[in-house]
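To keep things clear, I will list the structure first and then write my remarks on it.
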Amino acid sequence: MRNKLSENIAKIGPLIGLVFIVILLAFLSDSFLTVDNILNLLRQISINALIAFGMTFVILTAGIDLSVGSLLALGSALTAGMLSSGMDPILAIFLGLIIGLVLGALNGLIITKGKVAPFIATLATMTIFRGATLVYTDGKPVTGLSDSVLFQMMGKGYFFFIPVPVIIMLVVFLVLYFILHNTVFGRRVYAVGGNEEAATLSGVKSDRIKILVYSLTGMLAVLAGIILTSRLNSAQPTAGTMYELDAIAAVVIGGTSLMGGRGRITGTLIGALIIGVISNGLNLLNVSSFYQQIVKGAVILFAVMLDRSRD
Amino acid sequence: MKRIITSFLALTLLIVLGACSLDKPGSDSDDEATDDNATTEEASELKVGFSISTLNNPFFVDLRNGAEDAAEAEDIDIVVADAQDDASKQINDIEDLLQQNIDVLIVNPTEGESVVAGIEAANNADIPVITVDRSAASGEIVTHIASDNVRGGEMAAEHIEEILGADGGKLIELEGISGAASAIERGEGFHNIIDDLTEFDIVASQTANFDRTEGLSVTENILQGNKDVQAIFAHNDEMALGAVEALESQGMLDDVIVVGFDATDDALVAVEDDRMEATIAQQPDLISEAAIQAAIDIYNGEDLEDFIPVDLELIK
Amino acid sequence: MRQTPFVEMTGIDKAFDGNKVLQNVHLTVNKGEVHALMGENGAGKSTLIKIMCGVHSRDAGEVKVNNEPIVFKTPKEAEERGINIIHQELNIIPELTVTQNMFLGKELTYGKTGILNKQAMRKATKKSLLELGVDSIHPDELAGNLSVGQQQMIEIARALATKSELIVMDEPTAALTDREIESLFEVINSLRDRGVSIIYVSHRMEEIFAICDRITVLRDGLYVGTEVIKETTFDDIVRMMVGRELGERFPTRHAEIGDVVLSVENLALAGVFKDVSFHVRAGEILGVAGLMGAGRTEVVETIFGYRKKEQGEVKLHGKSIEINHPVDAVQHGIAFITEDRKDKGLLIDASIRDNVALTNLSTISKSGVVIRSKEKSLVDDLVKRLHVRMAHVHQPVKSLSGGNQQKVVIAKWLGIQPQVLILDEPTRGVDIGAKKEIYSIMNELSENGVAIVMISSELPEVLGISDRIMVLHEGKVMRKLQREEADQEKIMLAATGRYHDEK
């Protein structure tokens, strides 16, 4: 009974943290708890949340993907390139997502067939993807993108009064939540992360699960990249630098274990919200960005230690 | 029955599509409020938001300090947000600033194109925008305040020409972040002069991203193939100081002159010690002072020029 | 001397979160005595040991060492009083040498300089190993290159080097070959002669009768009694442990033996085994005996597609099948209960439900979506059928006892309704009650026509439940025996390579 209670507390721990921070900020700043700012905040976190959703899958398989930030930049540069050359925006976005899928699968193949540790494999591809982005863009932002309403909507549009990136984030969240908790694939993701050998011996093609997971993450990174490109109306060659760390932080704050097999995507959404709320709130409180970084680091540490203390 | 379903679906689709828009909801309804503000409030109640590209570089720290000092002197409120050189964080910062009832927004863009979304957000909220140092590609800007970078590049080139004399020589150009307006303009000014001088030869133009460490490594690499270089022009002092370190470790510091840009504290010391030949002094405190002044002018309803150049100075 | 107590624990109580784990438990270990501590999993053996060694505090009771009341707050304090524990999972770091392992945490240095005195440590290592009668281990060898038995010797030597007067050995023979067990027993005897006391925790009744002087039995956290081994019997102890008559250890077999289901021909894996051929019929239990390293596990892992075979053929109902991955084996209705539950059998942090569902995902889903109602009824049926003792199916399997964990492993495989069931050491680390239940399940399955292959290192088990027995030695099939003709001696002769069936 007691065990179950503490388990449940652990489950909603991040949520309690979020609520606490929100209440605190609402007291400290008048502009924080306004509809306008909340929507603004949700839009701000949507990029990180999308990447972090993919990262959740990867980390559940006991892996890590450091290449997401670079992949975001490469995917958005290539998509922007296609758009500026006058390609149909739907096709360009579709191809962009496919590129993300393929490059993610490449990560997965290096890790499974090449037997390279995920940290090393994606560290290498992180550098390669960034280099490829700089080569392709010649280090300059890609501009002169499509005027297509669809493309413009992705980053800047509103549906009723809700920003489109927020809608995309929520839809992706619901789909991934369903996949993780209600499909065979989702169960196998947990199994591979919980004990890869046991999963394989139970008839799970662990390698295939991993490749799929990295592909998914690659595609989500590029989706985030396309939204960012639409928002900035240009693809920045340096976009996404260090985004992998924010995504990992969101996953970890959300209570997913880096050892794999244990965690929830809901936690990741809350983790992304916590990170977003902190930086938005500290901005509103006019706290220097130097201190903001200290606060963010402290929150990550606090969340992880809280997670450890229940083991 | 089928027809009913079809028309229902069509209606739903219409509503859904109708609900989509690229404009922020309610964005065009608050003109009045802003006008009221302008006439009723005192200058001392003016609140300025300042989105700065980074604080990882002494120039921008000076820029911020100048703004804060000027704001204090004029007794106005200022809120600063640091984008940490991340284009999308800057947009978030601007949005956060707009949440705080600022009257004027000063933006120092990380990059000209990407900042537009932020500028447009401010335009939608009817907050006047001033850009400093780097300009924005589009959006409504009341005025842009910056050093005359093209002129600065020319000053650097002229100074190198003067030192090396008619014999000319081989030059290295360390470029700033690709695409950054200041890098483009400084390079343009530099090339304006050097390209017309046949006896001068730029053996390498490479980017070191305005960064001292990269300035060091890029210079080291270039020097491997070009031992007979006579002068280095860097688009900022950080890279110039990196180049000085590279030259020093190669024992070439006495043979090569280095001209930087920005006149940061470190660079000024280096010029004094003869480690650097010269630096083009941007005057960040003057830029931000001008920006604060412009904000007050806007607030008081005065008209401003599109571009307010701030003087540069060669320090040797 | 035999009669002088070294450690006396009386009236020990301990509760975790209000859950009484020990109540009024006693344990007295004399100097120079080998004292067995027995009880089913969850009886409180480990808690008692941990209280003795200062890992846990006690709620009530008294601990005396050399007749002096004492409270150990840390394991270090217990160690200083000469009490050492050798865990089932050895504390040996494979990447370090024997000497480095010996002196881990208490390295010898030149004065206080922090500079290692390697020469002295090497000498001391050699000396303590020789005292144990072990001369085959070089002090500079990497510990990882040693056998499990040799690694255990290092641990014992390490304990003795700290002037140990009492060594607790937790399941010391679990991973040892018979020869290694023999030399362990020699060491234990010589320790006893030197006046060192030993607490011997084991499930293996035969060993306890072979080496121990007295035995203390716990049941459900209660003290049942202490007996002198010479004056007691196997059945007495079982009765003390389970609190009731267990009846026959092995169920009576009634299964009708049918056609050949699985046959294996000339299977080989480079460097591990070759020319392995055998078959198993519907309703038949084939016991596979052999020493550690004979290649038994590798043979079944190869059949199951977990290892890539070098050559050979696997046939199901006479038809050749290609198995390249465990997925293929599962699709053909072959189930494999692995030797190592924690490493290869279970998702130890995941729930009972998730573990049981894992092998059955295809039957409980439609277009890739898990149907909760189907899942629930499947999991509930299986855990009920196997009498898994648990609070609820969402409980993590790591919170279950060894026997119940093993039942979860079996449950997940019964879900696929296998025609061939391979079990590798199915009763290792399982208490005697659960053991019997596992035998009944095997019996019941064979009666339903399942062909069963069981690897086991426990000869009584192999003899007790198999219809036929195959003996492996160094990767070769040495002998195949009908149950009627088999006995321990014949199996051991073949397992040690001294008897080979000429074909």
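Among residues that are surrounded by 21 or more Cβ atoms within 10 Å (Cβ to Cβ) and within 27 Å of residue B:99 (Cβ to Cβ), residue B:132 is included.
How many of the residues making up the range B:175-205 are more than 15 Å from residue B:149 (Cα to Cα) and crowded, with 20+ Cβ neighbours inside 10 Å?
2
Contact map, the range B:68-95: first residue on the phi > 0 side of the Ramachandran plot, second residue at pLDDT 90 or above and in a helix (DSSP H, G or I), Cβ cut-off under 9 Å, separation 6 or more or different chains; pairs are B:84/B:90.
Screening the candidates C:378, C:358, C:382 for the property of being facing chain A (nearest Cβ under 9 Å) and either in contact (Cβ under 8 Å) with a residue 12 or more places away in the chain or closer than 30 Å to residue C:318 by Cα (or both) yields one hit, C:358.
Which of the following residues is among the polar types (S, T, N, Q) and over 30 Å from residue C:335 (Cα atoms): C:216, C:173? Lay out the reasoning, then the answer.
Working: C:173 fails: over 30 Å from residue C:335 (Cα atoms).
Of C:216, C:173, the one residue that is among the polar types (S, T, N, Q) and over 30 Å from residue C:335 (Cα atoms) is C:216.
Scanning the range A:253-289 for residues that are closer than 23 Å to residue A:72 by Cβ and either among the aromatic types (Phe, Trp, Tyr) or within 10 Å of another protein chain (Cβ to nearest Cβ) (or both) yields A:276, A:279, A:280, A:283, A:289.
Those helices (runs of 4 or more DSSP H) of the range A:160-277 in which 2 or more residues are in contact with an Asp or Glu (Cβ under 8 Å, 6 or more places away or on another chain) occupy A:184-194, A:196-201, A:206-232, A:243-253. Scanning the range C:56-112 for residues that are in a loop (DSSP other than H, G, I, E, B), crowded, with 17+ Cβ neighbours inside 10 Å and in contact with a helix residue (DSSP H, G or I) (Cβ under 8 Å, 6 or more places away or on another chain) yields C:56, C:58, C:72, C:90, C:92, C:103.
Quickly run through the range B:248-287 and pick out the residues that are of a type outside the set (Val, Ile, Thr), in a helix (DSSP H, G or I) and in contact with a strand residue (DSSP E or B) (Cβ under 7 Å, 6 or more places away or on another chain).
Initially, the range B:248-287 is screened for residues of a type outside the set (Val, Ile, Thr), giving B:248-255, B:260-263, B:265-268, B:270, B:272-278, B:281-286.
Retained after the next criterion (residues that are in a helix (DSSP H, G or I)): B:248-249, B:265-268, B:270, B:272, B:284-286.
Correct list: B:267, B:268, B:286.
For (1) within 14 Å of another protein chain (Cβ to nearest Cβ); (2) buried (at least 20 other Cβ atoms within 10 Å of the Cβ); (3) of a type outside the set (A, V, I, L, M, F, W, C), each residue gets a yes or a no:
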{"residue": "C:284", "(1), (2), (3)": "no, yes, yes"}
{"residue": "C:290", "(1), (2), (3)": "no, yes, yes"}
{"residue": "C:301", "(1), (2), (3)": "yes, yes, yes"}
{"residue": "C:313", "(1), (2), (3)": "no, no, yes"}
{"residue": "C:344", "(1), (2), (3)": "yes, yes, yes"}
{"residue": "C:368", "(1), (2), (3)": "yes, no, yes"}
{"residue": "C:372", "(1), (2), (3)": "yes, no, yes"}
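Of all the residues in the range C:3-36, those that are within 25 Å of residue C:434 (Cβ to Cβ) and surrounded by fewer than 24 Cβ atoms within 10 Å (Cβ to Cβ) number 9. Scanning the range B:11-21 for residues that are modelled with pLDDT under 75 and of a type outside the set (Val, Ile, Thr), we see that the one that is farthest from residue A:158 (Cα to Cα) is B:11.
Hey, any hits in the range A:53-66 for a residue that's within 26 Å of residue A:161 (Cα to Cα) and either at pLDDT 95 or above or part of a helix (DSSP H, G or I) (or both)?
To start, the set of residues in the range A:53-66 that are within 26 Å of residue A:161 (Cα to Cα) comprises A:53.
Now restrict to residues that are either at pLDDT 95 or above or part of a helix (DSSP H, G or I) (or both): A:53.
Within the range A:53-66, one or more residues are within 26 Å of residue A:161 (Cα to Cα) and either at pLDDT 95 or above or part of a helix (DSSP H, G or I) (or both).
Taking each residue of the range C:38-58 that is touching a residue at least 40 places away in the same chain (Cβ under 8 Å) and looking for partners that are buried (at least 24 other Cβ atoms within 10 Å of the Cβ) and assigned to a loop (DSSP other than H, G, I, E, B) with beta-carbon atoms closer than 7 Å, six or more apart or interchain, yields C:45/C:39.
Residue-level check: of (1) of a type in the set (Val, Ile, Thr); (2) out of contact with any helix residue (DSSP H, G or I) (no Cβ under 7 Å at 6 or more places or on another chain); (3) more than 14 Å from every other protein chain (Cβ to nearest Cβ), residue A:294 misses just (3).
Looking at (1) at pLDDT 85 or above; (2) touching a strand residue (DSSP E or B) at 6+ places or on another chain (Cβ under 9 Å), which is the one condition that is false for residue C:493? Unmet condition: (1).
With A:151, A:160 as the choices, which residue is within 14 Å of chain B (Cβ to nearest Cβ) and at positive phi? Quick ask: steps written out before the conclusion?
Working: A:151 fails: at positive phi.
That would be A:160, the only listed residue that is within 14 Å of chain B (Cβ to nearest Cβ) and at positive phi.
Considered as a group, the residues in the range C:271-292 that are within 15 Å of residue C:471 (Cβ to Cβ) and either among the acidic types (Asp, Glu) or assigned to a loop (DSSP other than H, G, I, E, B) (or both) include one that is nearest to the chain's Cα centre (by Cα), and that residue is C:292. The residue pairs whose first member lies in the range A:30-42 and is more than 10 Å from chain B (Cβ to nearest Cβ) and of a type in the set (A, V, I, L, M), whose second member is assigned to a helix (DSSP H, G or I) and crowded, with 16+ Cβ neighbours inside 10 Å, and whose beta carbons are closer than 8 Å, counting only pairs six or more residues apart or on different chains, are A:33/A:22; A:33/A:25; A:42/A:166; A:42/A:169; A:42/A:276.
Mind counting the residues in the range B:136-150 that are farther than 25 Å from residue B:219 by Cα, away from chain A (no Cβ under 14 Å) and at pLDDT below 90?
Of the range B:136-150, the ones farther than 25 Å from residue B:219 by Cα are B:136-148.
Now narrow it down to the ones that are away from chain A (no Cβ under 14 Å): B:140-148.
Now narrow it down to the ones that are at pLDDT below 90: B:146-148.
Selection size over the range B:136-150: 3.
When only residues in the range C:4-39 that are touching a strand residue (DSSP E or B) at 6+ places or on another chain (Cβ under 7 Å) and outside any strand (DSSP E or B) count, which is farthest from residue C:187 (Cα to Cα)? Filtering the range C:4-39 for residues that are touching a strand residue (DSSP E or B) at 6+ places or on another chain (Cβ under 7 Å) and outside any strand (DSSP E or B), the one farthest from residue C:187 (Cα to Cα) comes out as C:39.
In the range C:315-342, the qualifying residues are those that are basic (Lys, Arg) and under 29 Å from the mean Cα position of the chain (by Cα), and the one that is surrounded by the fewest Cβ atoms within 10 Å (Cβ to Cβ) is C:342. Within the range C:137-165, residues that are in contact (Cβ under 8 Å) with a residue 12 or more places away in the chain and farther than 16 Å from residue C:126 by Cβ reach partners that are surrounded by fewer than 17 Cβ atoms within 10 Å (Cβ to Cβ) and of a type outside the set (Lys, Arg) with beta carbons closer than 6 Å, at six or more positions or on different chains, in the pairs C:144/C:94. If you go through the range A:58-83 and pick out every residue that is free of Cβ contacts under 8 Å to residues at least 40 places away in the same chain and in contact with a Phe, Trp or Tyr (Cβ under 7 Å, 6 or more places away or on another chain), you end up with 0.
Among the residues of the range B:181-197, is there at least one that is in a helix (DSSP H, G or I), of a type in the set (Lys, Arg) and modelled with pLDDT of 90 or more?
Yes; the residues of the range B:181-197 include at least one that is in a helix (DSSP H, G or I), of a type in the set (Lys, Arg) and modelled with pLDDT of 90 or more.
For the range C:40-78, what are the residues that are closer than 28 Å to residue C:104 by Cα and basic (Lys, Arg)? Once the filter is applied, which keeps residues that are closer than 28 Å to residue C:104 by Cα and basic (Lys, Arg), the range C:40-78 yields C:45, C:50, C:73, C:76.
Residue B:73 satisfies every condition listed in (1) more than 19 Å from residue B:146 (Cβ to Cβ); (2) in a helix (DSSP H, G or I); (3) more than 9 Å from chain A (Cβ to nearest Cβ); (4) in contact with a strand residue (DSSP E or B) (Cβ under 8 Å, 6 or more places away or on another chain) except (4). No other residue among A:224, A:235, A:250 is within 12 Å of the chain's Cα centre (by Cα) and within 14 Å of another protein chain (Cβ to nearest Cβ) apart from A:224.
The values are calculated or read from the model by the stated rules, or taken from the named source; none is laboratory data. Worth saying up front: this structure is predicted, and the values here are computed from it rather than measured. Virtual Cβ from ideal backbone geometry, glycine too; neighbours counted across all protein chains shown.
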